[in-house]
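One structure is given below, encoded as structure tokens.
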Amino acid sequence: MAEQITREDALTREGYRHACHIMLYGDSSAKLFGKIPIKHIVLMQMRFDGLLGFPGGLVNPSKETLEAGLSRELHEEVGVAVPVGVDNHVSSCLSPSSPRLSTHFYIKKMTESELKEIERAAVAAATDHGLEVLGMIRVPLYFLKNGGGLPYFLSHSFISNSRAQLLSALQHCRLLSQGELEKAVRQAEQMRC
Ligand code: GTP
Ligand code: MN
Ligand code: MN
Ligand code: MN
Ligand code: MN
Ligand code: MN
């Protein structure tokens, strides 16, 4: 478990770098195969290194606020400078994978049409498309037979603690029940062999 600290505390740490990432999500009435409700759209990305993560990146707090820096990174990575405020911040922690890196996590709810516009812009307008970002992806939140859906998704490899950020955000926003989250984690665990 990564060490949690407050946003303010993180900013007072000498010699620390800061990275801000965000979960953009929203409701959807679309149905997979015409029958399985997808319920929510949750965006992540396939990174250049082959790992899954959230859009966002390194921010320099001496030149920009954390939130303005995150908005700049979103412009680079998804082609839209999505406005982000302090009210979108949910947690900060000392990175478990990189020394002297503090990671800040944000969540923003958007409409289905705004999310679809971001998916289009991520290909058509984002300067990082095909380079630092190989593509935006949606997180499957449903359960199919034999682990299909969220359990298989969770069995992939994730950057830093972004997998834990995803699970806590799904809980925080009540996109899945506690029981469903535990089931997904348990089934994903059984796939790692
Ligand atoms: P450059 O433009 O190449 O500097 O990349 P970037 O600014 O987009 O940075 P990146 O998104 O790679 O994030 C910087 C660091 O934050 C990474 O090296 C990881 O250690 C960490 N990181 C990346 N994505 C995530 C994420 O989704 N969650 C968390 N917690 N950490 C992440
Ligand atoms: Mn088909
Ligand atoms: Mn970036
Ligand atoms: Mn990035
Ligand atoms: Mn960057
Ligand atoms: Mn870059």
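Residues checked against (1) farther than 30 Å from Gly148 by Cβ; (2) part of a helix (DSSP H, G or I):
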| site | (1), (2) |
| --- | --- |
| Tyr25 | no, no |
| Ser29 | no, no |
| Gly50 | no, no |
| Leu70 | yes, yes |
| Val82 | yes, no |
| Ser92 | yes, no |
| Ser97 | no, no |
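One line per residue, one yes/no per condition, for (1) touching a residue at least 24 places away in the same chain (Cβ under 8 Å); (2) surrounded by 17 or more Cβ atoms within 10 Å (Cβ to Cβ):
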position: Gln45; (1), (2): yes, yes
position: Leu51; (1), (2): yes, no
position: Thr65; (1), (2): no, no
position: Leu74; (1), (2): yes, yes
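Mind counting the residues in region 140-154 that are within 15 Å of Gln190 (Cα to Cα) and hydroxyl-bearing (Ser, Thr, Tyr)?
1
Might you check whether a residue that is within 13 Å of ligand 5 (Cβ to nearest atom) and out of contact with any helix residue (DSSP H, G or I) (no Cβ under 9 Å at 6 or more places or on another chain) occurs anywhere in region 106-117?
Checked against the condition, which is being within 13 Å of ligand 5 (Cβ to nearest atom) and out of contact with any helix residue (DSSP H, G or I) (no Cβ under 9 Å at 6 or more places or on another chain), region 106-117 yields no hits at all.
Residues in region 52-62: is at least one within 13 Å of ligand 5 (Cβ to nearest atom), in a loop (DSSP other than H, G, I, E, B) and either of a type in the set (S, T, N, Q) or at pLDDT below 95 (or both)?
Yes: region 52-62 contains one or more residues that are within 13 Å of ligand 5 (Cβ to nearest atom), in a loop (DSSP other than H, G, I, E, B) and either of a type in the set (S, T, N, Q) or at pLDDT below 95 (or both).
What single numbered condition from (1) in a helix (DSSP H, G or I); (2) within 14 Å of ligand 4 (Cβ to nearest atom); (3) touching a residue at least 60 places away in the same chain (Cβ under 8 Å) fails to hold for Ile118?
(2)
Working only within region 127-177, note down all residues that are open to solvent by 40 Å² or more (accessible area, probe 1.4 Å), within 16 Å of ligand 1 (Cβ to nearest atom), under 24 Å from Pro37 (Cβ atoms) and small (Gly, Ala, Ser).
Result: Ser168, single match.
Quick one: count up the residues across region 94-115 that are within 30 Å of Ser29 (Cα to Cα) and open to solvent by 90 Å² or more (accessible area, probe 1.4 Å).
So the count comes out to 1.
Check whether at least one residue in region 131-142 is among the hydroxyl-bearing types (Ser, Thr, Tyr), at pLDDT 95 or above and in contact with a Lys or Arg (Cβ under 9 Å, 6 or more places away or on another chain), and report yes or no.
Looking through region 131-142, at least one residue is among the hydroxyl-bearing types (Ser, Thr, Tyr), at pLDDT 95 or above and in contact with a Lys or Arg (Cβ under 9 Å, 6 or more places away or on another chain).
Just need a number here: residues in region 31-47 that are more than 21 Å from Ser177 (Cβ to Cβ) and not in a strand (DSSP E or B).
Qualifying residue count for the region: 2.
The values are calculated or read from the model by the stated rules, or taken from the named source; none is laboratory data. All figures in this text were calculated on a predicted structure; none of them were measured in a lab. Every residue, glycine as well, gets a Cβ built from its backbone with ideal geometry; the counts of neighbours run over all protein chains shown. In case anyone asks, the SASA skips ligands and DNA or RNA and just uses the protein heavy atoms, side chains included. Shrake-Rupley method; radii C 1.70, N 1.55, O 1.52, S 1.80 Å.
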